[in-house]
Every structure is written in C-alpha cells, then in structure tokens.
1. Do we find that residue 25 is in contact (Cβ under 8 Å) with a residue 40 or more places away in the chain and surrounded by 15 or more Cβ atoms within 10 Å (Cβ to Cβ) in this structure?
2. Does residue 10 satisfy being surrounded by 13 or more Cβ atoms within 10 Å (Cβ to Cβ) and over 12 Å from the mean Cα position of the chain (by Cα)?
3. Hey, among the residues in region 32-67 that are over 15 Å from residue 11 (Cα atoms) and in contact (Cβ under 8 Å) with a residue 60 or more places away in the chain, which one's surrounded by the most Cβ atoms within 10 Å (Cβ to Cβ)?
4. Inside region 48-72, can you point out the residues that are out of contact with any helix residue (DSSP H, G or I) (no Cβ under 7 Å at 6 or more places or on another chain) and part of a helix (DSSP H, G or I)?
C-alpha cells in the first residue's frame, strides 16, 4: 500500500514504548501494533488525533505517501 505508517519512528524519537502509548490513548496494544505495522485499512481521526496529541506531532509525521511501496 502506498501509505506508509511511521509510528515506530515517532515512538523512537519520543523514547516511548507502544504499550505506554496504547494505555495513554485508550486503544489495545494489539490494535496499535496493527496500526504500527501498516496492516490496517483505515484509522479513525479520533485515534489519529489522540496519537498526535500524546506524541506532540502532526499527522504527516506519522503517515507518508510512497507510490513505490509494495502492495501487501
């Protein structure tokens, strides 16, 4: 899919673990892991907003358009 999720990069920059973020924003670790790996078909704006608020970042810091990315 040409949309690449860079959540792992932002978590590393913020020195935060995904389980900590999951608890802070009220999602399961499993759902956050699926999002982080890019294995989801969509993300709710409410969830995106919570992630951005907690990580103090912009949606563009988390999502990237890469037309050369392989289809999965």
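1. On the way: in contact (Cβ under 8 Å) with a residue 40 or more places away in the chain: no; surrounded by 15 or more Cβ atoms within 10 Å (Cβ to Cβ): yes.
Spelling it out, it is not the case that residue 25 is in contact (Cβ under 8 Å) with a residue 40 or more places away in the chain and surrounded by 15 or more Cβ atoms within 10 Å (Cβ to Cβ).
2. no
3. Ranking the qualifying residues of region 32-67, first place goes to 64.
4. 49, 53, 60
Bear in mind these aren't lab numbers, they're just calculated from the coordinates by the rules spelled out. Since the model is a prediction, treat every value here as computed from it, not as a measurement. Here Cβ is always computed from backbone atoms with ideal geometry, including for glycine, and neighbour counts include all displayed protein chains.
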